[in-house]
Amino acid sequence: MSERLELIECGGSGPDRQAVFVVEFEPGERVRNGFRERTGVLVHRGGERVVLLVAFTDEARRQLAQSLRMSRQLIRRLGERSYPAELIRVLGYRTEAHAPQLLVAESGRPLSARDHQLPIRPAELGEMIDGLLNALAVLHKERLVHRAVSADSVLWNGSRIQLRDLGSMTDEGVPRGGPVGADPWRCPDQAAGHGNTSHQDDVYSAGALIFRLATGEELGPAAHLAHQAGLQDTALRSLLDGVFVEDSGRRPTAATLRSRRPGRPHDHPFGPGPRPDPGERERQARADFREIRRQQEAFRTTVAAGPPPAAPPLPRPQRRPYPGVQGTPGSYGPPHRSYGGYSGVVRRKPLDRFLDLGPRVVGGAVSVVLLAAAAVAVLVIR
C-alpha cells in the first residue's frame, strides 16, 4: 500500500526544504548492519525504485549521518544532472528522530546474490566491470574513498551496477584510525588500520570482486590473489596486474584499470580530463535564456503590429463581345435603336432569326416542309 513520507529533501546547494514522498512499499522488511530496510517504488516520480533506511543502533546512526553528508557533497560538486548513475543518491532524510530515516534511490540486488551463478558470463561481466570502475573513477576525481567495496555493497539490476553504503565513505588522505572494511575484500592496509586512506584501497577491493565474479574462486590473502591472477587468461591477467601488491602506493588507479579494458579506454563522461566548469554551464544557460527572451519579444512585436495590409483586388475580366450578327464589331451587348428619343433593345423578327441560322439549315428545313406537303397530297388523292 502507498505511504506518505514527510522528509527533508536532500539538495546540493541552498537550504534543504520539506518534501512529501509517496511510496508504494513492498510487503515486509529486512535488517542489515543496524538498519531496517523497506523497498518500494516512488509513485510521483515515474516509478523510481527506492529504499527507506531506518537506523536503530548507534553505529547505524553514525553511518546514516555520514551517508547524508557524502551524498550532499557529491551533488554539490557534480550537479544534479551530472550525478553518476553508478552511485546511489539520497532523496530525503529525517535525522532529529530517535530512529533517523534515509530515503535513497537504488535499484538492483547485491552481487553476493549471484554466488550460485559464478562465474558470470563474459558479456554481463564486462558491463559490471565497466560500471564499477566508472564509479571508482568518479570518487577518485572527487578525492573520496568508499572503503567498503564488496559483493554486498555493489548492486546489479541487469543493466548497470550501483555502489551503495555511502556511510563508510570518507575523504582521501585522512588517517584510517583503525581497521576498516571486511575480509576478504579489504586490502592489507585497511586490515592493519595504519596510515592514511587512499583511492588504491578501493582498487584492491574492486580487483578482488572482479576476480571473484570472473573465476568463481574463493578469495584469500593478497599474495594468494596475486598468484592466482597471474594464472588467468591474458585479458583478466592484464587487467589485474599490480592490483594485489602489499603497498597501496604501487597499485594502479581506477582510471588506469579502465584504460586496460579493450575498446573502452575513456568512454565515460568522467574520464581523464577536467570536468565541465559549473560557471561555464551557467553562462551558457543564461545565453540560451536571453536568446529565448529575444525570440519572445520579436513575436510580441509582430503580434502588436497587426496583420499585414490586404493585397489589392484582382482586375475584373473583360466581357466577351456579343455574338449577334448585327451591331458594330467589337461592341458589347445587343444592338440598340432610338425611337423618338427612346433608346432600347431592337426586337428582331422570327424570320430574321431563322435566316441567321445559315443556308444549310434553312435549305434542310425547306426540304423537310416540301416532303411533308408531298406526302399529304398523295394521301388526299388516294
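Whose amide H sits under 5 Å from the amide H of Arg186, counting only residues 5 or more places off or on another chain, with H placed in the peptide plane?
none
Segment 1-90: Rg/Rh from Cα coordinates, Kirkwood Rh?
The Rg/Rh ratio comes out at 0.96.
Which of the three applies to segment 84-242, rounded, prolate or oblate, going by the alpha-carbon gyration tensor with a ≥ b ≥ c and a/c under 1.5 meaning rounded?
Taking the square roots of the gyration eigenvalues as a ≥ b ≥ c, segment 84-242 is oblate.
So how much accessible area does Trp185 have, in Å² to the nearest 10, using a 1.4 Å probe?
Number for this one is 40 Å².
Pick out, in residue order, every one of the trypsin sites (Lys or Arg not before Pro) in segment 1-103 that is DSSP loop and has at most 14 other C-beta atoms within 10 Å; say none if there are none.
Arg45, Arg81
On the full set of protein chains, 1.4 Å probe, figure out the accessible area of Leu371 and give it in Å² to the nearest 10.
130 Å²
Heavy atoms only, 1.4 Å probe, whole protein assembly: order Ser153, Ser367 by accessible area, highest first.
Ser367, Ser153
Does segment 157-225 classify as rounded, prolate or oblate by the C-alpha gyration tensor (a ≥ b ≥ c root eigenvalues; a/c under 1.5 gives rounded; else a/b over b/c gives prolate, otherwise oblate)?
oblate
The values are calculated or read from the model by the stated rules, or taken from the named source; none is laboratory data. Not measured: the values here are computed from a predicted model. Quick reminder, even Gly has a Cβ in these numbers, built from the backbone with ideal geometry, and neighbours come from all protein chains shown. Keep in mind that these areas ignore ligands, DNA and RNA; they rest on the heavy atoms of the full protein, side chains included. Shrake-Rupley method; radii C 1.70, N 1.55, O 1.52, S 1.80 Å.
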